Structures are given as C-alpha cells and as structure tokens.
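Beneath this line is the structure, given in structure tokens, with notes to follow.
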Amino acid sequence: MDLGEVAARYRRWRELMPRVEPFYAVKCNDDKVLVRTLAALGAGFDCASRNEIELITGLGVAPERIIFANPAKMASHIRHASAVGVDIMTFDSEPELMKIKQYMPHAQLVLRIRCDAAAAQCPLGIKFGCDPGTDAPRLLKLAAVLGLEVIGISFHVGSGCGETEVYARAIQYCRALFTLGATLGHARMRLVDIGGGFPGGTHSSIKEVSLVINEAVETHFPDRNVRIIAEPGRYFAAAAYSLAVMIHAKREIVTKDASGEDETHTMYFMNDGVYGSFNCVLYDHQQVEATTLYPHTEKPLACSVWGPTCDSLDCVLPAARLPPLPVGAWLLFRDMGAYTMPVASPFNGFPLPKVRTLVDHRLWSVLKGLWPLAESQFEPNLGRVPAPQPPSPRGERRVFVECALK
Ligand SMILES: Cc1ncc(COP(=O)(O)O)c(C=O)c1O
C-alpha cells in the first residue's frame, strides 16, 4: 500500500472540487492505515453499519464527520448511531421513515433518490434510491407530517460510473427537491450528497467529472450555505494497493487456438484467488491485469491464472498471455485496493494477504504529526522507502519481493 497515492489523490480532489467534501466510503476498504490517513487529511466518512461507525469513531473522528449512508438500516444500528451522535442518515422508503421516527426522531435525514448512469461497473439503483419524480415528493411530505427533519438529498449514480453527465442530471433533481422540500416544511435543507462512482485506477482521472459537477453545483446551488459532500470509495482505495502473488504450481495442457490448431497452454496456480483478494473479479466485475516480476526475454504465451483453492470457479484470468514462468515467479497486480480485502475469505485454509505500507520520508515527516497516525503503525525499515532513492527500473520489483518474502 502506497500512502503517497492516497495523499496525492486527496490533494487532487480538493484542488479539482474545492466545494465537495469527500466522505470516504468505508465499505470499499476498511484497512486501518487507509482510514487513519484519510482521517488525518481531513476527510469525512460514509459508514453503512454499526461496526463501520465504531471503526471510525474509535479513531476519535467526530460523529459530525460521519454520514450513516445505508437507506435500509437495522434498528439496533440506528440506536447505536443515536447513542454516539451520528445524526445524519439516509432513507428512501416509508418503512425506514417509520423506523427512524421510532428509534431516532431527532435524526437529520437525507433522502436518497435514484439516478442511474447509462453505464456502471456496479449499478446500485436496482437496490437503493427512490424515484425523484413520484416517490421523493411523497416521502418528503410524510417526513414533514411525522415531524422528522430532512436536511438534504443524496444519490449514487453507480460504482465505476461510465457516464459523467449523470451527475448534472442528479444534481438538478436535488435542486427541484430542495425547492419542493421548502414548500413542504423542510425549511433548512442544506446538504447535497453526490455519492460515489468516481474512477480509482492508476491511469484514471476525475478531471472531466469534476468539471461537470462543479458546473452543476454552481448552477443549482450557488448558495454557499448548502454543503456539498460526496462518498468516494474506489477513488481513494484502488490505485494505492498493488498485490504481489507467487506462482506455486503449474500445469501444461493442450488446447486449440483460434484456427483450430493444437496449442500448449500453461495453467499457473498462485497464492491468492477469487475467494481472497480477487473476489473483485466476481463481485466488483473488475478486469485485473498481471505483470511479471520475473526477469524475462521470451515472448508471451497462452496461459490461464488460477487461485489456490480446490474450486474450479477459482480462476482469475481464464485467457492471458505471459512469458513462460517457473514455479516461484512473482506476479504483480495493480489497482487492487477497492472492494478486495473486506470481502476476502480464507476459504480452504489459504490466508489473506498481508498489507505492507510504504511511505516516502518527505510525506511521512508531514503525516506523522497528524493525528490519528502514529509511527508505531508502520514496520521499521520495511514500511518506509529510504530517501532519497535513485530512479531504478527494478527498484519496485525489489521492494515488493522483499516485502512478500518477509
Ligand atoms: C452508499 C454508497 N456510497 C458510496 C459508495 C462508494 O462508491 P464508489 O466506490 O463507487 O465511490 C458505495 C458503494 O457501493 C455506496 O453503496
């Protein structure tokens, strides 16, 4: 895990969207160092459960910096939020309103509407978000009748969003509902939550989407008293984590190529798979890419890459091309920080990967003074890259192999 990537992404977000406060979606990756770093940098948090709230409040983060952004909450989790002062929470249905009325009538409510991107890696609208034209007005009215305070509107366009203009459409819906809310008795609506959906891969950028969002926010919410927040997950977590795995077994089989000719195909077995970190291939529809840490000159050959369990579903790359690799060679997968570790299981007795955190000395000298980070959370002489480092094409390989072996 490269802490520098997280800090750089935080800075870039603040530069590109100064009005939009990021509330990191903890579900994406609850690694302690990541959430502590984001807390130190000043982010807020989107928590979906009691445990996530406990994790973040346990760091000492003030409850005002947390939104309980799960529109279908358990009563016991609402009671916990109430007890620790996490007052802001989302809803999208009448039964949820009744539950909140019963367990936390002083909650500050945010109505989640549905506005789906034309394309998304993981669409969320099929599960959450009420119709902004029909359901939302009815729910705003009901909340007012029940004496519940609605302070804002939220949406999530879909994770791994493939359309930027959708944010403008959704922000326009928010504007219309702010206006309607005021006429229904929600006089102090003051929060727009634009959710997640931002890209997180190494080569991705939020520049284009930031232009759309900034313009829509300025057009529809020029009043600086309206607070704009977002719930990015993938954006902060994906690129900061690279996964090094070792090939522990291989098998050669003969298959047919595209022209029907016999082709030798190598099956590589590695020490992490779809039950571990690569669950993202199944659940998050991630396309992962292997690069080899093994020095090679030979040309790539047809192969497949499998996880370590005894299940045939445990295939990470069914049709890849890699140079011939011996048992003991290492592969590197980038962008492995989003929706990987929190979902992974040690099925079949295979342990989950250990995270080694790297931070360069210059950034560390800034970060270490920032609560709630502490030097003790890093492994001496391993977690930190010695400064200054001469550029070396093989330096990265050395670091990963050293970490993995230790
Ligand atoms: C309510 C909510 N907010 C934020 C996120 C984070 O989304 P992303 O990782 O696309 O930024 C999710 C992801 O499922 C979510 O359900």
Probe 1.4 Å, protein heavy atoms only - accessible area per residue of the range 264-364 in square angstrom: 49
- request: Work out how much length ASP131 to CYS310 would gain on full extension: take 0.36 nm times their residue separation and subtract the Cα-Cα distance, in nm to one decimal.
  value: 60.0 nm
message: Please compute the modelled spin-label separation between LYS299 and LEU352, points set 7 Å along Cα→Cβ, answer in nm with one decimal.
response: 4.2
Dipole magnitude (debye, nearest 20) for the chain, charges at Cβ of Lys, Arg, Asp, Glu: 1000
- prompt: Using the alpha-carbon atoms, what tilt in degrees (0 to 90, nearest 10) does helix 395-405 show relative to the longest principal axis of the chain?
  reply: 90
query: Once fully extended, how much extra length lies between ASP223 and THR202, figured as 0.36 nm per residue of separation less the alpha-carbon to alpha-carbon distance?
result: 4.1 nm
message: Using 30 Å as the Cα-Cα cut-off, could you pick out the over-long pairs in LYS250/LYS354; LYS32/LYS127; LYS127/LYS368; LYS27/LYS250; LYS250/LYS299; LYS256/LYS299?
response: LYS127/LYS368; LYS27/LYS250
query: Using modelled backbone amide H atoms (1.01 Å from N, in-plane), which distant-in-sequence or interchain residues come within less than 5 Å of VAL150's amide H?
result: LEU109
- request: Please work out the Cα center distance from the range 22-87 to the range 287-306, rounded to the nearest Å.
  value: 39
query: Taking the Cβ of ALA117 as the center, what net charge do the other residues with Cβ under 14 Å away carry, scoring Lys and Arg +1 and Asp and Glu -1?
result: -1
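Per 0.36 nm of contour for each residue apart, how much would the distance between ARG14 and SER345 grow if the chain were fully extended, relative to their Cα-Cα spacing?
Fully extending the segment from ARG14 to SER345 adds 115.7 nm.
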field: Solvent-accessible area, 1.4 Å probe, carbon plus sulfur percent, for the range 48-165
entry: 54
message: Taking every alpha carbon pair in the chain, what does the distance histogram look like in 10 angstrom bins from 0, in percent?
response: 4, 21, 28, 23, 14, 7, 2, 0
query: Normalised by the residues of the chain, what does the relative contact order come to in percent, with Cα pairs under 8 Å and at least six apart?
result: 16
- line: Once amide hydrogens are built 1.01 Å from N within the peptide plane, the residues lying 5 or more places from ASN70 or on another chain with amide H under 5 Å from its amide H are THR90
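Using packing as a proxy for protection, rank 357-366, 344-353 so that the peptide with the highest average count of other Cβ atoms within 10 Å comes first. Mind dumping the intermediate values first?
Details: 357-366: 16.5, 344-353: 14.1.
Result, highest mean first: 357-366, 344-353.
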- prompt: Please state the relative contact order of the range 3-237 as a whole percent: Cα pairs under 8 Å, 6+ residues apart?
  reply: 21
- prompt: Which listed residue (HIS361, PHE350, ALA329) has the Cα farthest towards the positive end of the charge dipole for the range 302-380, taking +1 on Lys and Arg C-beta and -1 on Asp and Glu C-beta about the Cα centre?
  reply: HIS361
- request: Kindly express, to the nearest 10 degrees and within the range 0 to 90, the angle between helix 207-220's C-alpha long axis and the longest C-alpha principal axis of the chain.
  value: 0
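Give me the dipole magnitude in Debye, nearest 20, for the range 243-349 about the Cα centre, with unit charges on the beta carbon: positive for Lys and Arg, negative for Asp and Glu.
200
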query: Among ALA144, ALA118, GLY133, which residue has its Cα positioned farthest towards the positive end of the charge dipole of the chain, with +1 placed on the Cβ of Lys and Arg, -1 on the Cβ of Asp and Glu, and the dipole taken about the Cα centre?
result: ALA144
- prompt: Along the charge dipole of the chain, Cβ charges K/R +1 and D/E -1, which of GLY44, GLY196, ALA168 sits furthest on the positive end?
  reply: GLY44
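The values are calculated or read from the model by the stated rules, or taken from the named source; none is laboratory data. What you see is a predicted model; the values in this text were computed from it and never measured. Neighbour counts are summed over all protein chains in view; Cβ atoms, including those assigned to glycine, are modelled from backbone coordinates with ideal geometry. Surface accessibility is based on the protein's heavy atoms, side chains included, excluding ligands, DNA and RNA. Shrake-Rupley method; radii C 1.70, N 1.55, O 1.52, S 1.80 Å.
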